[in-house]
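S.K.: Below you'll find the structure I mean.
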Amino acid sequence: MKNIVITGSSQGIGLGLAEEFLKRSCCVMLSARSEKRLEQERKRLADAYGAYRVAATPCDVTDYAKVQMLWDAAVRAFATVDIWINNAGIMNTTRRYWELDQAEIAPVVNTNIIGVMYGSHVALRGMIKQGHGQIYNLEGMGSNDSMRPGFTVYGTTKRAVRYFTESLVEEARDLPVQIGTIGPGIVVTEFLIENMKKMPPEEYQQVRMVYNILADKVETVAPFLVEHILANTATGAKIDWLTDEKAMERFNSDEYATRDLLVEFGL
């Protein structure tokens, strides 16, 4: 149906999106920095959905040449790229900004901002040449100006992603390429779990309460996002799972107030 490239797709929401696209007869190019895990997931998905529909290429999104290699590999595998999703992103440990190891700052900024910019640049050039395509950038905590202690660096990058994408939508309105954002909400991933385990006790209890109300599993969120991505034909689309209205409804719901989602993950 469609040919898809997803950065950061060897685990988490990226991998979940990949599998949902495959369930809908699409072809998917996986990519990630970890070659071992990438190959494991490529093989698993190829066995389940057909080797001709699944490819994988290692990619560090902070290296422009490797991002270009990812595009070129996808074109070799599938002839065209219909949808490019800039999903790769990392989070710093949730410490106050001045308590962070300075070594954590640059990787988060480079991956979450430069990686999105490089991916969009490569995909735009390729899609203009082929005459069609869609690009989606992943939003997150901070995109809507929300703030939480420990999220200053990560939130700054996600606010930048929103500005960058909105500006790019305006610049590219006359192009045969649609550009939009994806808001997956709070998704329980390995990184989220490991990060929670490192939190101080008081912060952990507060975050756990909020996440039990607002967070969801990958397999809950991914089908919704994929259905809306495949149905979208407009530029500037914002495909959001956890809207403000949905979050408010959950906080006022007895069902979600008593839900203990995280216990399933050993938290």
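S.K.: Go through (1) free of Cβ contacts under 8 Å to residues at least 24 places away in the same chain; (2) farther than 18 Å from Gly14 by Cα for Met196 and report which single condition fails.
M.R.: (1)
S.K.: Would you tally the residues in the stretch 171-191 being free of Cβ contacts under 8 Å to residues at least 60 places away in the same chain, assigned to a helix (DSSP H, G or I) and either touching a Gly at 6+ places or on another chain (Cβ under 8 Å) or surrounded by 16 or more Cβ atoms within 10 Å (Cβ to Cβ) (or both)?
M.R.: 0
S.K.: Looking at (1) at pLDDT 95 or above; (2) surrounded by 16 or more Cβ atoms within 10 Å (Cβ to Cβ); (3) not in a loop (DSSP other than H, G, I, E, B), which is the one condition that is false for Thr235?
M.R.: (3)
S.K.: Here are Tyr163, Tyr136: which of them is modelled with pLDDT of 95 or more and closer than 20 Å to Asn3 by Cβ?
M.R.: Working: Tyr163 fails: closer than 20 Å to Asn3 by Cβ.
After applying the criteria, what remains is Tyr136.
S.K.: Would you be able to tell me the number of residues in the stretch 114-151 that are in contact with a helix residue (DSSP H, G or I) (Cβ under 6 Å, 6 or more places away or on another chain), part of a helix (DSSP H, G or I) and surrounded by fewer than 19 Cβ atoms within 10 Å (Cβ to Cβ)?
M.R.: 0
S.K.: Right, here's the next one. On the basis of being among the hydrophobic types (A, V, I, L, M, F, W, C), surrounded by fewer than 19 Cβ atoms within 10 Å (Cβ to Cβ), in contact (Cβ under 8 Å) with a residue 12 or more places away in the chain and not in a helix (DSSP H, G or I), does Ile105 make the cut?
M.R.: The answer is no for Ile105.
The values are calculated or read from the model by the stated rules, or taken from the named source; none is laboratory data. Predicted, not measured: the structure shown is a model, and the values here were computed from it. Heads up, the Cβs are rebuilt from the backbone with ideal geometry, glycines too, and the neighbour counts pull from every protein chain shown.
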